[in-house]
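The values are calculated or read from the model by the stated rules, or taken from the named source; none is laboratory data. Not measured: the values here are computed from a predicted model. Backbone-built Cβ (ideal geometry, glycine too); neighbour counts: all protein chains shown.
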Amino acid sequence: MTDTTLLFRRRFLKQMTAAGLACGVGTLGIAGQAVAAQSHGDETGGRSYEWFTPEYEKLFMEVSDILTGCSDLDTSLVPVFIENIADKKSLRELLTRFKALPLPRNLERLKPLLCQCHLMAVAKVITQLWYTGTVQITAAENKLYPFAAYRPVSGTAYLEGIAWDAMRAHPQGQCGNGEYGYWSAPPACANS
C-alpha cells in the first residue's frame, strides 16, 4: 500500500469511527439513512433488493474488506446491513461498478468511484455499519428515538462492531471480561 492509500484509509476510518461513536450525541450529516423497520422495501411493500444475489453478497464483502481494512468480517451480518441501507439504488450501482474494476480490486481502484457523492455516502454507511452496527435515524424513526441520532441495526451488529476492538473497549452494557457481575469475585489467579 502506498502512503497516500494509507492516509486516505486512516482519515476515512477515523471519520467513520468518530461518526459512529457519536451515537445519540448529535447529528452527523451522513447520507444514506436507514429506513424505518416498518417500512423496508419499495412502494409496493415488497423487498426492493431481490437483485442482491450471492454474487452481489461476495462483492459487498469485498468492498467491505477494502473499506474497513478487515478481512475477517462476519458474513452473517450482511442481510441485516443490506436491509438497513436506505439507498439500495446507489448500493447496487457501487457494487456493479466495483465488479467492473480490473483485478486486483483494491482501495486505489475503488477511490475514483468514491469521488461521486452518492457512492461515497453508501461507502460511509457500509463502513459505519461494520464499525458500529448503527445507522442514522430517519425522520420517521425520530418519534421512536427522540434523543438519538443513530440506532443499532441489531444487537449482534452493535456488539460485534469493529470499533470496540479498535478502541480495546467493549460496548456499553456488555461485560468485557466475562459474565455479568464478574467484577464481584476475585480474579482466578487470586484463588490459587
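The residues of the range 148-176 that are among the polar types (S, T, N, Q), assigned to a loop (DSSP other than H, G, I, E, B) and at pLDDT 80 or above amount to a single one, SER154.
The residue of the range 83-106 that is nearest to TRP51 (Cα to Cα), among those that are aliphatic (A, V, I, L, M) and surrounded by fewer than 19 Cβ atoms within 10 Å (Cβ to Cβ), is ALA100. Would you please list the contacts, defined by Cβ atoms under 6 Å and residues six or more apart or on different chains, that run from a residue in the range 122-143 that is over 19 Å from GLY155 (Cα atoms) and touching a residue at least 60 places away in the same chain (Cβ under 8 Å) to a residue that is aliphatic (A, V, I, L, M) and part of a helix (DSSP H, G or I)? Matching pairs, first to second residue: VAL122/LEU91; VAL122/LEU94; ALA123/LEU67; ALA123/LEU114.
Per-residue answers, yes or no, for (1) on the phi > 0 side of the Ramachandran plot; (2) within 15 Å of the chain's Cα centre (by Cα); (3) modelled with pLDDT of 50 or more:
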{"position": "THR27", "(1), (2), (3)": "no, no, no"}
{"position": "ALA31", "(1), (2), (3)": "no, yes, no"}
{"position": "GLU43", "(1), (2), (3)": "no, no, no"}
{"position": "GLY46", "(1), (2), (3)": "no, no, no"}
{"position": "TRP51", "(1), (2), (3)": "no, no, yes"}
{"position": "TYR56", "(1), (2), (3)": "no, no, yes"}
{"position": "PHE60", "(1), (2), (3)": "no, yes, yes"}
{"position": "SER71", "(1), (2), (3)": "no, yes, yes"}
{"position": "THR75", "(1), (2), (3)": "no, yes, yes"}
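Scanning the range 127-157 for residues that are surrounded by fewer than 21 Cβ atoms within 10 Å (Cβ to Cβ) and either among the aromatic types (Phe, Trp, Tyr) or touching a Cys at 6+ places or on another chain (Cβ under 6 Å) (or both), we see that the one that is farthest from PHE60 (Cα to Cα) is PHE147. Among all positions in the range 87-99, there is no residue which is under 24 Å from PRO171 (Cα atoms) and aromatic (Phe, Trp, Tyr).
A single entry from ALA86, ALA18 fulfils the requirement of being within 20 Å of THR132 (Cβ to Cβ), modelled with pLDDT under 95 and in contact with a Leu (Cβ under 9 Å, 6 or more places away or on another chain): ALA18. Could you please let me know if TYR145 is modelled with pLDDT under 95, of a type in the set (Phe, Trp, Tyr) and assigned to a helix (DSSP H, G or I)? When the stated conditions are applied, TYR145 does not pass them.
Reported count of residues in the range 103-121, each being closer than 12 Å to VAL63 by Cβ and not charged (D, E, K, R), is 6.
Within the range 146-168, the set of residues being in contact (Cβ under 8 Å) with a residue 40 or more places away in the chain and farther than 25 Å from SER76 by Cβ comprises PHE147, ALA148, ALA149.
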